[in-house]
Amino acid sequence: MAVTGNTELLATKNDVITALVQKELISAAKLLPTVTDVSAFAGKGMKSISFPKFGSFTVEERVSGTASVPQALAATSDKLDLNIRATVSWQVDSMDELQSSVQVQSEYIKRAASSHAAAVDAKIIAALEAGAGYNQGAATTVTQAIILDMLSYLEGNYANMEQLSLVVSHDQRKALLAIDNFIRADALGFNNPSPLQTGVIGMIYGVPVVSKAGIGTSKVYMYDKAGVAIGFQRGAAYDEVKNPLLGVGSVTAVVDQLYGVKIMQDNALAAGAGLSPLIAKM
């Protein structure tokens, strides 16, 4: 008689936990919605993704009866390496877990997802820090004038003003609250934020503001969503293997993912090599 047991159900169990991990990661990664997700292009067997960059056409006013002059655009490319092999693993002695009042494995799974989310945000911040085409440089406190300078820089580089984000370190939140043109999230109806508004504390000049702990102090970044790309060749996944040497029922568990982060429009317009004209920082 055939019996469906743990062996047959393990794959299903892992799929369910993986879905929970991915949901937790997406909700906890504050900066993930502010950048361009190119995971759809990260197929099996690929180690990188290339994105073409084209110049612009020049509009010609053609004289009646005269043929227009054909134009050709020079193209270069940005390459996103899929080289971040992020992994969290753990083991729990089943006897210790049996005597714990906490559901240890469930708690570890949640914390693994949160740690991955924090790591994703850290990679995005690192890209913003290294790749900002505009660097205010001297200030330690954000002001209205600095925000306007950033807006002017991005608009001058043809950023999409409807998809900008302003990310600030925890110490700059207080300075923002003192600016008259800053509108708090509670005044905008963000008390019950949608996934795309996770972490949004308000808006200034129409730009959503995200306060982010753990990125240092005196940090302010304003950028177009097209300024940074992230690609997951494999999103967060869960797997486990039995480890009875730590007690009957013990497992070794892993949550990992494979992805890459890259600034976009590298060396375009007025930005130099390794810099994006769609990112500004203080």
For this session: Can you work out which of the residues in the range 44-72 that are closer than 24 Å to ASN267 by Cα and within 24 Å of the chain's Cα centre (by Cα) is surrounded by the most Cβ atoms within 10 Å (Cβ to Cβ)?
Result: ILE49
Exercise. Out of all the residues in the range 257-267, is one or more touching a helix residue (DSSP H, G or I) at 6+ places or on another chain (Cβ under 8 Å), of a type in the set (Lys, Arg) and buried (at least 20 other Cβ atoms within 10 Å of the Cβ)?
Worked result: yes
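One residue is enough: does the range 111-121 have a residue meeting the conditions within 14 Å of the chain's Cα centre (by Cα) and charged (D, E, K, R)?
Yes, the range 111-121 contains a residue that is within 14 Å of the chain's Cα centre (by Cα) and charged (D, E, K, R).
Here's a check for you: in the range 209-237, which residue that is within 17 Å of ILE147 (Cβ to Cβ) and free of Cβ contacts under 8 Å to residues at least 60 places away in the same chain is surrounded by the most Cβ atoms within 10 Å (Cβ to Cβ)? Steps first, please.
Of the residues in the range 209-237, the ones within 17 Å of ILE147 (Cβ to Cβ) are 209-212, 218-224, 227.
Those still in the list that are free of Cβ contacts under 8 Å to residues at least 60 places away in the same chain too: 209, 211.
Values: VAL209: 24, SER211: 21.
Step by step, filter the range 209-237, then rank; the result is VAL209.
Select the strands (runs of 3 or more DSSP E) contained entirely in the range 19-136, then report the ones holding at least 2 residues which are closer than 30 Å to ASN243 by Cβ and either of a type in the set (Ser, Thr, Tyr) or touching a strand residue (DSSP E or B) at 6+ places or on another chain (Cβ under 7 Å) (or both). Walk me through it before giving the result.
Values: elements: 48-54, 75-81, 84-91, 132-135.
It comes to 84-91.
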For this session: Give the number of residues within the range 84-106 that are over 15 Å from THR252 (Cα atoms) and under 25 Å from the mean Cα position of the chain (by Cα).
Result: 3
Exercise. On the given criteria, is ALA178 under 30 Å from THR252 (Cβ atoms) and among the small types (Gly, Ala, Ser)?
Worked result: no
For this session: Just need a number here: residues in the range 268-282 that are crowded, with 18+ Cβ neighbours inside 10 Å and more than 16 Å from ALA226 (Cα to Cα).
Result: 1
Seminar exercise, completed: Given (1) among the acidic types (Asp, Glu); (2) farther than 30 Å from MET46 by Cα; (3) under 36 Å from the mean Cα position of the chain (by Cα), ASP81 misses just (2)
For this session: Please specify each residue of the range 15-71 satisfying the condition of being closer than 21 Å to ARG85 by Cα and of a type in the set (Val, Ile, Thr).
Result: ILE17, THR18, VAL21, ILE26, VAL35, THR36, VAL38, ILE49
Problem set entry | Filter result for ALA75 (touching a residue at least 12 places away in the same chain (Cβ under 8 Å), within 30 Å of the chain's Cα centre (by Cα) and surrounded by fewer than 18 Cβ atoms within 10 Å (Cβ to Cβ)) | yes
Exercise. Among the residues of the range 88-105, is there at least one that is under 30 Å from LEU166 (Cα atoms) and loosely packed, with under 15 Cβ neighbours inside 10 Å?
Worked result: no
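Could you name every one of the strands (runs of 3 or more DSSP E) located completely within the range 193-282 that has at least 2 residues being within 18 Å of the chain's Cα centre (by Cα) and modelled with pLDDT under 90?
Numbers: elements: 200-204, 207-212, 220-224, 228-242, 251-263, 276-281.
It comes to 200-204.
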Exercise. Of these, ALA132, ALA126, ALA139, ALA145, which one is crowded, with 16+ Cβ neighbours inside 10 Å, out of contact with any Pro (no Cβ under 7 Å at 6 or more places or on another chain) and of a type outside the set (S, T, N, Q)?
Worked result: ALA132
Seminar exercise, completed: Going through the range 215-230 in order, the residues found to be out of contact with any Asp or Glu (no Cβ under 9 Å at 6 or more places or on another chain) and within 18 Å of ASN157 (Cα to Cα) are MET222, TYR223, ASP224, LYS225, ALA226, GLY227, VAL228
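The values are calculated or read from the model by the stated rules, or taken from the named source; none is laboratory data. As the structure is a computational prediction, the values presented were derived from the model and not from experiment. Glycine gets a Cβ as well: all are built from the backbone with ideal geometry, and neighbour counts include every protein chain shown.
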